[in-house]
Amino acid sequence: MNDRQHITGFDFIRPIAAFSVVWIHGCAGSILTKKLNPLNAYAVPVFIAISMFLFAWQIIGKGRRNFREMLVTRIQRLMIPFFLWTLIYLGIRIFKARFIHEPFEMKWIETFVFKGSSYQLWYLPNLFYLSLLFFPLLNVAVRNRKIANVVIFCIVCISAVVLWYTPADIKQADWFTRHILLYFVPSLISASIGMLFYINYEKVKEKYGTSLHILVPIWAVALFFAQLFMPHVLTGLAFVAVLFPLLLFQINGSYPGMMALSRNSMGIYLIHGVFLEGIKTGMQLIHHPVQGLALTLGSIIVTYLLSFGVSEILSKNDILRKYLMGN
């Protein structure tokens, strides 16, 4: 794979996935938006798959195999933004606890090591731990891709079995068990999808003929809607696995505005909770909560646009872009 190659498909899907994340966290006010919400199950897994594809590209393709350099870079790009946003959202939660009397409880290890203080922040430390976990395996892939393929495939199979047999009442378990089974184990599969497609990029590209150009989009559409009718974490992961070759080999060209949205997709992901909670809190204070289809959709769209605008403005500063917005 060419070191300078640009993957247009990633630019195409990132803004859509970011909108899906906003939808997930903002859909509670309407029956219809909640019913359609399973269609967004792919969103965070596709972000993880893309991130680990690019991580494998850095390690294998660009030869950046020094552990210390990788560790410093990942701390700068993932953990520093995580800590900063955790503090920001903690301030918001304390404000809401004081003025609208929402319950406030904080567990230090859960908050500052695994999940953060807002519903979306778990992605950053999760990706950091995945990088540490898979870094040695990607170094093995440099010398022997067959061994790496076998190990990653085994991880996918074991993780899929664990998810299949995860009990329906898992949300009643302690926070650490919930975090491992609901977040980390699915992330192992998402990460594996991205890495497998990088490791086997040339082989897949060679075999990606006319029939697959026809079949893969059909499978992708079928699995996308299957998320609605068979709402299970494995359905969303299967969709990501089928979507990935579509992104790599079939989506080409430029899309107006998509590059700017893609460039700010992580900023949208991180900042949207500020506006979403701000809108909800403001509406509660004037005794007009966000309920019904119009208000719910409106809050989702406004949150997305405001998050994009603020991310674009803040990202003009290199320090804020690197350490706060994650762009």
Restricting attention to segment 272-295, and to residues there that are of a type in the set (Gly, Ala, Ser) and assigned to a helix (DSSP H, G or I), which single residue is farthest from LEU36 (Cα to Cα)?
GLY282
Here are some conditions: (1) more than 26 Å from GLY292 (Cα to Cα); (2) touching a His at 6+ places or on another chain (Cβ under 7 Å); (3) not hydroxyl-bearing (Ser, Thr, Tyr). VAL72 meets all but one. Which one does it not meet?
(2)
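Take the residues in segment 20-50 that are assigned to a helix (DSSP H, G or I) and aromatic (Phe, Trp, Tyr); name whichever of them is least open to solvent (accessible area, probe 1.4 Å).
Here the answer is PHE47.
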Those residues of segment 62-83 which are touching a residue at least 24 places away in the same chain (Cβ under 8 Å) and open to solvent by 70 Å² or more (accessible area, probe 1.4 Å), in sequence order
LYS62, ARG65, PHE67, ARG77, PHE83
Residue by residue through segment 239-274, note down the ones that are under 29 Å from LEU320 (Cα atoms) and among the hydrophobic types (A, V, I, L, M, F, W, C).
MET258, MET259, ALA260, LEU261, MET266, ILE268, LEU270, ILE271, VAL274
Give all pairs with beta carbons closer than 7 Å in which a residue from segment 236-256 that is under 20 Å from SER211 (Cα atoms) meets a residue that is of a type in the set (D, E, K, R) and assigned to a helix (DSSP H, G or I); count only pairs at least 6 apart in sequence or on separate chains.
PHE249/LYS205
Quick check on this structure: which one of THR111, THR210 is of a type in the set (Ser, Thr, Tyr), surrounded by 15 or more Cβ atoms within 10 Å (Cβ to Cβ) and out of contact with any Phe, Trp or Tyr (no Cβ under 8 Å at 6 or more places or on another chain)?
THR111
Can you name every residue in segment 51-61 that is more than 22 Å from MET325 (Cβ to Cβ) and either polar (S, T, N, Q) or open to solvent by less than 10 Å² (accessible area, probe 1.4 Å) (or both)?
ALA56, ILE59
Could you list all residues from segment 286-327 that are touching a Phe, Trp or Tyr at 6+ places or on another chain (Cβ under 6 Å) and open to solvent by 30 Å² or more (accessible area, probe 1.4 Å)?
LEU306
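Please list, ordered by residue number, the helices (runs of 4 or more DSSP H) wholly in segment 132-208 having 2 or more residues that are among the hydrophobic types (A, V, I, L, M, F, W, C).
It comes to 145-164, 175-179, 185-199.
Yes or no, residue by residue, for (1) surrounded by fewer than 13 Cβ atoms within 10 Å (Cβ to Cβ); (2) within 30 Å of GLY63 (Cβ to Cβ); (3) touching a Phe, Trp or Tyr at 6+ places or on another chain (Cβ under 8 Å); (4) at pLDDT 95 or above:
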{"site": "LEU133", "(1), (2), (3), (4)": "no, yes, no, yes"}
{"site": "VAL156", "(1), (2), (3), (4)": "no, yes, no, yes"}
{"site": "PRO167", "(1), (2), (3), (4)": "yes, no, no, no"}
{"site": "TYR183", "(1), (2), (3), (4)": "no, no, yes, yes"}
{"site": "ILE199", "(1), (2), (3), (4)": "no, yes, no, yes"}
{"site": "ILE218", "(1), (2), (3), (4)": "yes, no, no, yes"}
{"site": "LEU228", "(1), (2), (3), (4)": "no, no, no, yes"}
{"site": "VAL240", "(1), (2), (3), (4)": "no, yes, yes, yes"}
{"site": "LEU243", "(1), (2), (3), (4)": "no, yes, yes, yes"}
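The values are calculated or read from the model by the stated rules, or taken from the named source; none is laboratory data. Just so we're clear, the structure is a prediction, and the values are computed from it rather than from any experiment. Cβ: placed from backbone, ideal geometry, glycine included. Neighbour counts: every protein chain shown. Just so you know, the surface numbers come from the protein's heavy atoms only, side chains and all, with ligands and any DNA or RNA stripped out. Shrake-Rupley method; radii C 1.70, N 1.55, O 1.52, S 1.80 Å.
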